Amino acid sequence: MAKNSVGRDIPEYIGNRKLIPYMGPFEKEPDSIIKVNKRQSKILPGESKIKSTIKDAIISSGLKDGMTISFHHHFREGDKVIGLVLTIIKELGIKNLRFAPSAVINIKNPSIVDFVKDGTISRIEASGIRGQLGDAVIEGFMDEPVVLRTHGSRPRAIESGELSIDIAFIAASASDDYGNANGFSGPNACGSLGYAMIDAKSAEKVIVITDTLVDFPCVPASISQHEVDYVVVVDEIGDSASIGKGAARVTKNPRDLLIAKNTANVIANCGYFNDGFTFLTGVGATSIACIQFLREKMIEKNIKAGAAIGGIPAAVVKLHEEGLVKVVEAVQCFDAESAKALGQSNTICECDNNVYSNVHNKGNMVNKVDIGILAALEVDTDFNVNILTGSSGEMLGGLGGGPDVAAGAQVSIVTIPLFRGRTPSIVKKVFTLCTPGETVALVVTELGVSINPKHKNYEFLKENLSKSNIKIIPIEDLQQMAEEITGTPKPIECTDKVVAVVEYRDGTVIDVIRQIKK
């Protein structure tokens with residue numbers, strides 16, 4: 001057992017895999033050899049890539065026991081492809097697969113748990129595993145620990161050879177018969193395919209699944225024909241109306257709106273709110289709600305943003321239409337409206353996740369973010385963030401891109417209520433450490449704002465915010481205020497069994513999650 005630089009005990013090995021403890025946000029050097037699973041291939045003139053069924057495409061791909069399959073999560077809770085494909089794989093009797101989607105949103109029918117139970121899936125690597133699957137994992141359901149990666153760490157792992165994808169399944173709302181495809185045309189748009197692009201570029205075989213076959217060539221194409229092996233047409237790939245459910249919902253909760261208003265006030269006074277600034281709001285009801293208050297500040301001070309980057313809700317599209325944001329770079333779309341907007345303007349652009357947030361490339365976009373707004377389940381007095389586990393240790397969220405944005409942005413703002421129900425959100429020590437405190441600049445609550453004295457821009461932020469009417473409170477005081485209201489929570493008891501490995505964006509291990517003791 002080794003202790004990493006944020007004080008968490010990390011096993012030296014899990015199975016045959018040697019774990020590298022987290023050392024700091026930029027300490028680990030990239031691998032010198034880049035490895036991908038792509039192989040050369042050829043297709044003859046006149047040869048068709050169309051397969052009549054998903055089953056035919058899977059058989060043609062050569063999928064076998066023990067291989068790795070991938071999906072993207074742009075449809076979020078409206079996805080209808082993952083369950084469909086896994087059901088067919090199960091019928092084919094293929095077992096022991098590594099399931100490696102960009103994230104697992106709450107998929108219930110069919111449940112991913114059932115595919116683990118019957119042996120179709122034996123390993124999982126993703127950004128988050130909430131819902132039924134998360135409950136099962138935290139109870140010690142799987143023999144091998146789940147590997148949780150940030151959005152930026154996934155393309156890093158693929159390029160480094162840690163995560164070699166054999167077969168990538170890509171749901172596209174429009175495709176031609178040669179595999180040129182996008183996510184914003186057709187009746188069931190999911191918007192950006194930013195998380196699927198690295199899969200298309202690196203997997204050994206790529207299968208595009210669409211419900212809208214268009215004439216060749218499909219333009220613009222997010223996925224190119226030269227990356228695609230087979231195309232399958234199905235009745236329906238997803239429900240656009242369900243993209244905005246769950247974490248990406250629009251809130252009317254008065255406390256959420258107050259925190260969002262406080263956050264916009266902090267942005268307007270932090271010193272980075274200048275013409276041409278770049279911002280990122282991420283998923284989370286409060287983060288999305290903040291945009292309407294930010295709009296008021298931009299109009300009031302006659303300030304226009306140079307770019308909005310990352311996950312994009314309809315509210316950001318509206319800012320762009322009003323001329324308040326020059327360019328939108330969307331790695332995903334958080335609702336049906338923003339999904340449709342992607343193809344309607346040449347300054348609402350689709351962003352490859354590898355470009356967006358991979359720390360080991362030649363320039364990721366999160367490094368150019370001035371202000372990033374992040375959601376959290378817990379924050380502790382060292383400003384460490386937990387975005388994975390709830391008050392009983394249950395899986396409630398995904399790592400997403402939060403740790404990537406916190407490390408890259410000039411100002412990373414965590415928005416969080418002081419408590420939820422009878423549980424404090426500001427605690428002495430987070431249960432699961434996902435984002436290291438040294439990368440978090442500010443915590444904004446309904447009662448006040450805490451500035452992190454260990455953040456690189458602390459002095460600058462303190463000087464600027466002290467000139468405003470913003471109430472600045474030491475985070476230790478916020479923690480005590482929360483506990484005075486809720487009482488001190490009982491510690492969560494765990495067994496020694498590691499059920500999930502929480503990787504930082506550079507592939508080092510920042511924490512592990514152990515089985516909850518019942």
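The values are calculated or read from the model by the stated rules, or taken from the named source; none is laboratory data. What you see is a predicted model, and the numbers here were worked out from it, not measured in a lab. We place every Cβ from the backbone using ideal geometry, glycine too, and count neighbours over all the protein chains shown. Just so you know, the surface numbers come from the protein's heavy atoms only, side chains and all, with ligands and any DNA or RNA stripped out. Shrake-Rupley method; radii C 1.70, N 1.55, O 1.52, S 1.80 Å.
Okay, here's what the table says:
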item	result
Residues of region 1-34 satisfying the condition of being in contact with an Asp or Glu (Cβ under 7 Å, 6 or more places away or on another chain), open to solvent by 100 Å² or more (accessible area, probe 1.4 Å) and touching a residue at least 12 places away in the same chain (Cβ under 8 Å)	Lys3, Ile34
Criterion violated by His72 - all others in (1) surrounded by fewer than 24 Cβ atoms within 10 Å (Cβ to Cβ); (2) part of a loop (DSSP other than H, G, I, E, B); (3) in contact with a strand residue (DSSP E or B) (Cβ under 7 Å, 6 or more places away or on another chain) satisfied	(1)
Subset of region 103-122 [part of a helix (DSSP H, G or I) and either of a type in the set (A, V, I, L, M, F, W, C) or open to solvent by less than 20 Å² (accessible area, probe 1.4 Å) (or both)]	Ile112, Val113, Phe115, Val116
Residue among Ile516, Ile475, Ile485 that is over 25 Å from the mean Cα position of the chain (by Cα), open to solvent by 10 Å² or more (accessible area, probe 1.4 Å) and hydrophobic (A, V, I, L, M, F, W, C)	Ile485
Set Lys456, Lys467: member being open to solvent by 40 Å² or more (accessible area, probe 1.4 Å) and free of Cβ contacts under 8 Å to residues at least 40 places away in the same chain	Lys456
Filter pass, Leu442 being within 28 Å of Phe460 (Cβ to Cβ), surrounded by fewer than 20 Cβ atoms within 10 Å (Cβ to Cβ) and not charged (D, E, K, R)	no
Qualifying positions in region 478-518 - acidic (Asp, Glu) and either in contact (Cβ under 8 Å) with a residue 24 or more places away in the chain or touching a Lys or Arg at 6+ places or on another chain (Cβ under 7 Å) (or both)	Glu483, Glu493, Asp496, Glu503, Asp506, Asp511
Subset of region 186-216 (residues that are charged (D, E, K, R) and under 25 Å from Tyr356 (Cα atoms))	Asp199, Lys201, Glu204, Lys205
Pair list, Cβ under 6 Å, 6 or more apart: region 372-395 residue open to solvent by 10 Å² or more (accessible area, probe 1.4 Å), other residue hydroxyl-bearing (Ser, Thr, Tyr) and part of a loop (DSSP other than H, G, I, E, B)	Glu378/Ser425
Search result, residues across region 51-60 that are among the small types (Gly, Ala, Ser) and either in contact with a Cys (Cβ under 8 Å, 6 or more places away or on another chain) or open to solvent by less than 10 Å² (accessible area, probe 1.4 Å) (or both)	Ala57
Elements of type helices (runs of 4 or more DSSP H) contained in region 285-352, each with 1 or more residues being open to solvent by less than 20 Å² (accessible area, probe 1.4 Å), in contact (Cβ under 8 Å) with a residue 60 or more places away in the chain and hydroxyl-bearing (Ser, Thr, Tyr)	285-301, 336-341
Positions within region 375-417 being polar (S, T, N, Q), part of a loop (DSSP other than H, G, I, E, B), more than 20 Å from Asn452 (Cα to Cα) and touching a Ser or Thr at 6+ places or on another chain (Cβ under 8 Å), in sequence order	Ser391
Residues satisfying the stated conditions in region 129-150, i.e. touching a strand residue (DSSP E or B) at 6+ places or on another chain (Cβ under 6 Å), open to solvent by less than 10 Å² (accessible area, probe 1.4 Å) and assigned to a loop (DSSP other than H, G, I, E, B)	none
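Condition check ((1) in contact with a Phe, Trp or Tyr (Cβ under 9 Å, 6 or more places away or on another chain); (2) open to solvent by 10 Å² or more (accessible area, probe 1.4 Å); (3) within 28 Å of Ser357 (Cα to Cα); (4) not in a loop (DSSP other than H, G, I, E, B)) across all residues:
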{"site": "Val85", "(1), (2), (3), (4)": "yes, no, no, yes"}
{"site": "Ile89", "(1), (2), (3), (4)": "yes, no, no, yes"}
{"site": "Arg98", "(1), (2), (3), (4)": "no, yes, yes, yes"}
{"site": "Pro101", "(1), (2), (3), (4)": "yes, no, yes, no"}
{"site": "Ile124", "(1), (2), (3), (4)": "yes, no, yes, yes"}
